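Q: I'd like to ask you about the structure that follows.
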Amino acid sequence: MEFEIYKHIAAISKPNNGWTKELNYISWDSREPVYDLRTWNEDHTKMGKGVTITAGEMVRLKEVLEGMRVF
């Protein structure tokens, strides 16, 4: 599987295993870039399972999150 990280947006957390959960803007197999949330090893050669979100879905997610009260 080929990928290109166009923009690293944020590191969300770094569990004790040394991998980092990140939000990136990434293209998978030369397709249109998407927002991607998943864990990566330090040099981005291995990845965990994650979720991809289109730009439209990201707009909606942002709206939902802004309306939430987080405890």
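The values are calculated or read from the model by the stated rules, or taken from the named source; none is laboratory data. Keep in mind that this is a model prediction, so the values were computed, not measured. As a convention, Cβ positions derive from the backbone with ideal geometry for all residues, glycine included, and neighbour counts pool all protein chains shown. Accessible surface is based on the protein model in full, side chains and every heavy atom, while ligands, DNA and RNA are left aside. Shrake-Rupley method; radii C 1.70, N 1.55, O 1.52, S 1.80 Å.
Q: Using heavy-atom solvent-accessible surface (probe 1.4 Å) with all chains present, what is the largest-first order of HIS8, HIS44?
A: Details: HIS8 95, HIS44 55 Å².
Result of the area sort, largest leading: HIS8, HIS44.
Q: Through the Karplus equation 6.51 cos²θ - 1.76 cosθ + 1.60, θ set to phi - 60°, convert the phi angles of the range 7-23 into ³J(HN,Hα) values in whole Hz; use x for Gly and Pro.
A: 8, 7, 8, 6, 8, 8, 7, 9, x, 5, 7, x, 7, 10, 7, 10, 9
Q: Taking only protein heavy atoms and a 1.4 Å probe, what accessible area per residue, in Å², does the chain have with all protein chains in place?
A: Details: 5560 Å² over 71 residues.
Per residue, the chain has an accessible area of 78 Å².
Q: Here's a follow-up. Ignoring ligands, DNA and RNA, how do VAL64, VAL59, VAL70 rank by accessible area with a 1.4 Å probe, largest first?
A: Numbers: VAL64 60, VAL59 85, VAL70 120 Å².
These residues rank, largest area first, as VAL70, VAL59, VAL64.
Q: Keeping the other protein chains in place, figure out the carbon and sulfur percent of the accessible area of the chain, with a 1.4 Å probe.
A: 54
Q: Compute a Gaussian network model of the chain, connecting alpha carbons closer than 10 Å, and tell me which residue from ASN41, ASN24, ASN16 fluctuates the most.
A: The residue that fluctuates most here is ASN16.
Q: Sort the range 12-54 into rounded, prolate or oblate with this rule: let a ≥ b ≥ c be the square roots of the eigenvalues of the Cα gyration tensor; rounded if a/c is under 1.5, and if a/c is not under 1.5, prolate when a/b is larger than b/c, oblate otherwise. It would help to have the intermediate numbers written out before the result.
A: Numbers: a/c = 2.81, a/b = 1.83, b/c = 1.53.
In terms of gyration-tensor shape, prolate.
Q: Name the aspartates and glutamates eligible as straight-distance cross-link partners of LYS21: C-alpha to C-alpha under 19 Å, and not fewer than 8 places from it in the same chain.
A: The reachable aspartates and glutamates, counting only those whose Cα sits under 19 Å from LYS21, are GLU4, ASP36, GLU42, ASP43.
Q: What percent does the relative contact order of the chain come to when contacts are Cα pairs within less than 8 Å and at least six residues apart?
A: Details: 115 pairs, mean separation 15.8, N = 71.
Value for the chain: 22 percent.
Q: Then there's this: Rank these by accessible area, largest first, 1.4 Å probe: MET58, MET68, MET47, MET1. Can you show the working numbers first?
A: Numbers: MET58 40, MET68 105, MET47 65, MET1 165 Å².
From most exposed to least exposed: MET1, MET68, MET47, MET58.
Q: Suppose every K and R has +1 on its Cβ and every D and E has -1 on its Cβ; what is the size of the dipole of the chain about the Cα centre, in Debye to the nearest 20?
A: Here the chain has a charge dipole of around 320 debye.
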